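First up is the structure itself, then whatever we jot down about it.
The values are calculated or read from the model by the stated rules, or taken from the named source; none is laboratory data. This structure is a prediction, so every number in the text was calculated from the model and none was measured. Virtual Cβ from ideal backbone geometry, glycine too; neighbours counted across all protein chains shown.
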DNA sequence: TAATATTGTTTATTATAATACACAAATATA
DNA sequence: TATATTTGTGTATTATAATAAACAATATTA
């Protein structure tokens, strides 16, 4: 039996994804911080699963072209809710 | 030509989704705030597209059983990155 | 329409995310 | 191995998200 996903799990996975994306672009934490105009410490903490603000997360997502994906996913959830309400 | 999705768009959509989910459970902002042990003002601001913390967003997502979906979506993005690196 | 419930807004305070800086630890490169 | 680069940590400060409480503005219901 696999345990349910926790908030901590999601934060850690978000951090891992940032780390992976950043490295695939061959950017250091310093580089990414600079282009996004945020501090390296903020990136550092986010990549290691600490709490962050939505703005920080979305700035990073945007830089790695994940904003449209995210938006569409949210729209899909909203739509699936609409459909369920028909039954 | 449709404009690209902005960070503001995503925050507004997150807020709308919270509002919709909350209403589908017939909860007031007050109700939701109480069960999540956060203030109604935090919900209020989030639902209207203001900035928030990841913890706030994930507490809400968790309450509406969206955490597994989110986690899996993040894993999928990570995996698709791995695959691309093979070519 | 009157009463009730919900949502929006304001102000003040507290908690904490973000910043800046320095330095140590760990990795990568010459 | 020595040098350089990157990452992790610590401390202090600043900016702002979160809280609490009250009240006005909107919906909802009787």
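For the reader, a short list of remarks on this structure follows.
- Search result, residues across the stretch B:26-43 that are near DNA strand C (Cβ under 8 Å from one of its atoms) and either in contact with a strand residue (DSSP E or B) (Cβ under 8 Å, 6 or more places away or on another chain) or within 27 Å of residue A:45 (Cα to Cα) (or both): B:41
- Odd one out for residue A:18 among (1) touching a residue at least 40 places away in the same chain (Cβ under 8 Å); (2) at the interface with chain B (Cβ under 7 Å from one of its Cβ atoms); (3) assigned to a helix (DSSP H, G or I): (2)
The rows are residues; the columns are (1) modelled with pLDDT under 95; (2) more than 9 Å from DNA strand D (Cβ to nearest atom).
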| position | (1), (2) |
| --- | --- |
| A:29 | no, no |
| A:34 | no, yes |
| A:43 | no, no |
| A:47 | no, no |
| A:64 | no, yes |
| A:68 | no, yes |
| A:81 | yes, yes |
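- Of residues in the stretch B:45-62 being near DNA strand C (Cβ under 7 Å from one of its atoms) and in contact with a helix residue (DSSP H, G or I) (Cβ under 6 Å, 6 or more places away or on another chain), the one nearest to residue A:78 (Cα to Cα): B:47
- Each residue in the stretch B:39-76 was checked for being surrounded by fewer than 17 Cβ atoms within 10 Å (Cβ to Cβ) and more than 8 Å from every other protein chain (Cβ to nearest Cβ), and 10 of them qualify.
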